[in-house]
C-alpha cells in the first residue's frame, strides 16, 4: 500500500473559489479511481492561492482482476447475429459460454481482465481530472488558446506534481508534464523544491514559507489577529468569513495591527467596518464596547522591519477609503430624508408594480392602518406613517449606492442626525428584519407596523401579478417575506385576520393600479387576480408555517389537522391550537383517543355514512324531504323540532356502554366548544380526553352493525357525533399514527 501526492500549481486562485475547488478535486479523484476499480481510503485535499494538493493514503499497487460478462444472442439466432457478437467481443465461438435464460440457450462472453498498475490508472486519471474540472470561471492562455480545444483552468496552470510512493506518475496535460518539482513562497523561496512524496510534501513547503493546509492558516490568522489586538489593549471583532478569505489570499499569513485617524470615528461604525472588510479585507477592533481606530491586516510575508512598512501602506489605502465614506456621510446628511424620498419615483420596483415611491405609498397606508386599528398595540399611526414614508429614502443616498448592504441602517442614522423621533429612526433601520433564520425580530411597535406592512405588500404584490415561487426559484424572496411575517406575528402576539390584512393590502394596489379610465378587460383581470390571491396566499402561509414549526419541533401533520378545519386565519390562535394538540397527542389519552377516532372514522367510511342520511322509518315516503317541513303551527314547533333532532330519545333502551358515551358527549361537547371559544385549547383537549374511556368501552361492548336497523342507525349516528365533537377541535383524520 502506497501514498499518492497530486499537486496542481497555477497563478492566484480566487479565495472564494478554493473551498469548492477542494471538494471538486476530491469528487473527481474518487470518481476516476472508482471507475478503475481502485478502493480508496483517507483522502486529504489542501489549497493555497497558488496550488491545489491531494494526498490519498494507502493506495494498492494494482487494481483487482475483474470478470466482465456480455450477454449475446440465443444459440438459435441466425449465424450473422453470432458473427457480429464475436466481432464485438474479439472472441471465438469455442470461447463463449452457453447458459439458460428463460428457457433459451444463450451465448455469453466472459472476459477475465487482469489487474492494472495503479500508477498507470493515475497517469490516465490526472489529465481527465484537469480537463473535467468545473471552475466557476476559467481561461485559456498562450499560443494554444487560439483553439477552443485548448486547456482551460482558473488561471494559467504552471506545474503538476504526481508521486505514488516515491515514484513519479508520468502524465501530460496541455503541454505541462508531471514532475517532482514545485515552488515555495513567491518571495521567500521562489526557486524549485524537489518533493520526495506525500510524506515530506507539507514539511518541505513549510520550510519554504508555504503553509499548504488551509485550516492551519485559518487557525494561525484567527489566533494571531486576536493576539495582535489584545497586545494593544483591544478586542478583535470576530469575523469567520474574513478569516477564511485571508487564508485564501496568503500562503504565509502574518497578521499586523495598524491605526487610522480617530477623526474617522465620526462616521457610523458599520460603515468603517464594511469599508475595511469589503475593500481591504481588514479586521476591526473594539475598545470598551465601541469601535476603535485600529485594524488588523494580514500580510503574506515576514517583513524584515517587523511589518512597519506594510502597516503604513495599508493605513494610507484605508485612509483614502474612509475619506470617501466620510464624504458620502457628510453629503447625504445635507439633504433631508423627505427630499431623498422624492427621488424614489425614478426607481422601478417592478414593471407591473410601479416605482419604489408607489411601494412606499402602499406600505405607508398599510402601516397606518395596522396602527390605527390597534392590530399593532400601542403604535402611534402618525409615527407609523412617517416612518413608512421615509423607510426607503436611503436607497438614493451616496452611501447606500456604494454599500447596498447598509440600506435601512443608514436611513436610521440619517433620521437620527436629522432629529426625527427615535421610534421613526429605529423603524427605518430595522424594517427589513428579520432577513433570515436567527435574525432579530422587531418588537418596537412602530418598527413592527412598518416591517409587517413592507413584507405584506411585497408578498401580495408579487402574488397579484402571478410571480410566485416555483420549486427552488424564489427571485423575489417571497418565502423569506412570509417567514418574516410569521416571525413578527408570533413574537409580538398580533391578532389580526390574515384575510383582512390581505384584503387591505389588495385595496392599496387597486387604488394605484385602477382608475376610471381603466379598460373593463383590465379591471376584470385585476378582480380575477385578487380572487386568486385570496386562495393562494393562505396556502402559501400554511406551507411556510409548516417549515417554520417543523424547525421548531412541531409535527407537520398537526398543522394540517388544524388548518383542515378551515376558517382559521388568526395565526396566533392557530399556533396556540397546534401547540395544545401536540401536547395532547403525546399523552396516553391523546394516543388512545386518536385510535378510537380512527376506528370510528373507518366504520363510518365503510358504511358510506353521511350526516344527512335519512333515519330508517323516520317518516313515510311522501315525496317531501321532511313531511314536517311545511307545518307552521307555532304551538307545535318545539315538538316538530324534537322530531327532526337526530339526538332525540332512542326507540330502544341503550346498552350501558352506549349510554355512557352519550352522557360523555353531552358533557364534553359544550365544554370543548366553550374552551375553543375562549381560546383555551388545552382545556378543549382535556374535554376530549374525557371521551377516551367511553369510546373504548363502546367499541368493546356494543355491536354497531346490529341486525335491528334502528339500533344500527342510532349507533352510527352516535359515532358520527363523536367524530364531529373531535373535529370541532382538530381534524384527527390528518394526524399520523
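Tell me the relative contact order for the stretch 1-100 as a rounded percent, counting alpha carbon contacts under 8 Å between residues six or more apart. All intermediate terms of the calculation are to be shown ahead of the outcome.
Numbers: 110 pairs, mean separation 30.4, N = 100.
Computed over the stretch 1-100, the figure is 30 percent.
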Just to confirm the number: angle between the C-alpha axis of helix 381-390 and the first principal axis of the chain, 0 to 90 degrees, nearest 10? 30
Run the simple label-point estimate for residue 700 and residue 259 please: 7 Å along Cα→C-beta, distance reported in nm. 8.5
Quickly estimate the mean residue ellipticity at 222 nm for the chain, helices only: each DSSP H run with n ≥ 4 gives -39500 (n - 2.57), and the total goes over all residues, rounded to 500. -16000 deg cm²/dmol
Could you please state, rounded to a whole Å, how far the C-alpha centre of the stretch 712-728 is from the C-alpha centre of the stretch 49-124? 68
With labels modelled as points extended 7 Å from the Cα through the Cβ direction, what inter-label distance (nm, one decimal) is found for residue 137 paired with residue 206? 3.5
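Can you tell me the relative contact order of the stretch 398-469? Whole percent, Cα pairs under 8 Å, sequence separation 6 or more. Walk me through the numbers before you get to the answer.
Details: 66 pairs, mean separation 15.4, N = 72.
The value is 21 percent.
For an R0 of 22 angstrom, estimate the FRET efficiency from the Cβ-Cβ distance between residue 308 and residue 231 and round to the nearest 0.05.
Details: r = 15 Å, r/R0 = 0.69.
It comes to 0.90.
Can you tell me what share of the DSSP beta bridges in the chain is antiparallel? A percent to the nearest 5 is fine. Provide the component values of the computation, followed by the final result.
Details: 56 of 58 bridges.
Approximately 95 percent, going by the DSSP bridge assignments.
If we count other beta carbons within 10 Å of each Cβ, what is the order of 651, 206, fewest first? Write out the running numbers ahead of the final one.
Numbers: 651 12, 206 15.
Result, fewest neighbours first: 651, 206.
In what sequence do 47, 203 fall when counting other Cβ within 10 Å, fewest first? Write out the running numbers ahead of the final one.
Working: 47 24, 203 11.
The order, fewest Cβ neighbours first, is 203, 47.
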Fewest-first ordering of 513, 17, 399, 685 by Cβ atoms within 10 Å yields 17, 513, 685, 399
How many angstrom lie between the C-alpha centres of the stretch 552-603 and the stretch 669-696? 13
Whole-number percent relative contact order across the chain, with pairs defined as alpha carbons under 8 Å at least 6 apart: 7
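Could you calculate the FRET efficiency of residue 443 with residue 287 from 1/(1 + (r/R0)^6), where r is the beta carbon distance between them and R0 is 30 Å, rounded to 0.05?
Details: r = 30 Å, r/R0 = 0.99.
For residue 443 and residue 287, the calculated efficiency is 0.50.
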Any chance you could run the full-extension gain for residue 659 through residue 166? It's 0.36 nm times the residue separation minus the Cα-Cα distance, nm to one decimal. 168.5 nm
Set of the stretch 12-35 residues, backbone N closer than 14 Å to the point 7 Å along the Cα-Cβ line of residue 44: none
Given labels modelled 7 Å from the Cα in the Cβ direction, how far is it in nm from residue 145 to residue 572? 6.4
Options (i) 37.7, 114; (ii) 27.5, 90; (iii) 36.3, 115 are given for Rg and Dmax of the Cα atoms in Å, and the computed one is (i)
Grab the Cα-Cα distance for residue 351 and residue 224, subtract it from 0.36 nm times how many residues apart they are, and report the gain in nm with one decimal. 40.6 nm
With Cα coordinates, the longest principal axis of the chain makes an angle with the long axis of helix 118-132, in degrees rounded to 10, of 70
The alpha-carbon center of the stretch 349-399 and that of the stretch 1-33 are separated, in whole Å, by 51
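Could you give the length gained by full extension between residue 526 and residue 62, i.e. 0.36 nm per residue of separation minus their alpha carbon distance, to one decimal place?
Values: separation 464, 0.36 × 464 = 167.04 nm, distance 7.13 nm.
The residue 526-residue 62 span can extend by a further 159.9 nm.
A short reminder: the numbers here are calculations on the coordinates, not readings from a lab. Keep in mind the model is a prediction, meaning the values are calculated, not measured. Cβ atoms come from the backbone with ideal geometry, glycine included; neighbour counts cover every protein chain shown.
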